[in-house]
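Where a number appears in this text, it was derived from the coordinates with a stated rule and is not lab data. Bear in mind the structure is a predicted one, so any value in this text is a computation, not a measurement. Methodologically, a virtual Cβ is constructed for each residue, glycine included, from the backbone with ideal geometry; neighbour enumeration extends over all protein chains shown.
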Amino acid sequence: MRKYYICLMKNLPGILCVLSLVLFALVAAVLLPAQKTYSVLGDSYSSFSGYVTPASNPCYYSESPIYPNDVCDVRKTWWWMWAEENGYVLQKNNSYSGATICNTGYSELDFSDRSFVTRMKNIGNPDVLFIFGGTNDARAGAPLGEYKYSGWTKADLYQFRPAFACMLDYLKREHPKMRIVNICNCGLSGDYNASMAAICKHYGVECLLLENIDKQHEHPSIVGMRQIVDQINAFMN
């Protein structure tokens, strides 16, 4: 017993140090707010090679671009700059270059393997979700369809309005505490942006229509990325 007491006294400073660290960690966990997270569900505008999930998703942007665009540093993408300026940590960036929101793609091909309405289930569970799509639906001339807010069929998901509504309905039900911000590209032909705005209003989802974004090869340049961040900050704040 005496040997045990002597041993304990010799190691007391170390034991107290460990206990202090444990206590500090517990207090910090209770008092300090957890860092907020965000995810992106997007297309080529939000892609960057090596930073998307799943990693197999095709990306427009990379460190060695094959297209004439000056964004070759991930730190110049809109989603990286926004997070850095607002103190958020990326949870998932599920962006797929060329993806449509509905299941109809270019030349009326079946894009159900890459559509937003398919990938909406792989966004993690962030505090904030940015949805940035519709560009490829407009360029591909995907059928708009009718406004429909329940009872979607498989055929409905090959039309823009029903697919977008189905996606928002799912996200609102599965992530009731998540803040959803839908971003509409500027300069789209047809009624795609107006349709997104109307459906967002129905579900109480925030909807930002971008204005006058600088582009190279039909994609945001470094200047354009900065303009996107500035417009998001002004909209969200």
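Taking segment 99-113 as the region of interest, how many residues are over 14 Å from residue 143 (Cβ atoms) and touching a residue at least 40 places away in the same chain (Cβ under 8 Å)?
Matching residues across segment 99-113 total 2.
Per-residue answers, yes or no, for (1) β-branched (Val, Ile, Thr); (2) in contact with a Gly (Cβ under 7 Å, 6 or more places away or on another chain); (3) more than 24 Å from residue 51 (Cβ to Cβ):
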{"site": "103", "(1), (2), (3)": "no, no, yes"}
{"site": "111", "(1), (2), (3)": "no, yes, no"}
{"site": "125", "(1), (2), (3)": "no, no, no"}
{"site": "149", "(1), (2), (3)": "no, no, yes"}
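Are there any pairs, at least 6 apart or on different chains, whose C-beta atoms fall under 8 Å, with the first in segment 225-237 and in contact (Cβ under 8 Å) with a residue 40 or more places away in the chain and assigned to a helix (DSSP H, G or I) and the second among the polar types (S, T, N, Q) and surrounded by 14 or more Cβ atoms within 10 Å (Cβ to Cβ), and if so, which?
225/77; 233/86
Restricting to segment 187-202, name every residue that is at negative phi and either touching a residue at least 40 places away in the same chain (Cβ under 8 Å) or crowded, with 18+ Cβ neighbours inside 10 Å (or both).
Hits for segment 187-202 are 188, 189, 191, 192, 193, 195, 196, 198, 199, 200, 202.
If only one of 149, 203 is within 20 Å of the chain's Cα centre (by Cα) and among the hydroxyl-bearing types (Ser, Thr, Tyr), which one is it?
Exactly one residue qualifies, and that residue is 203.
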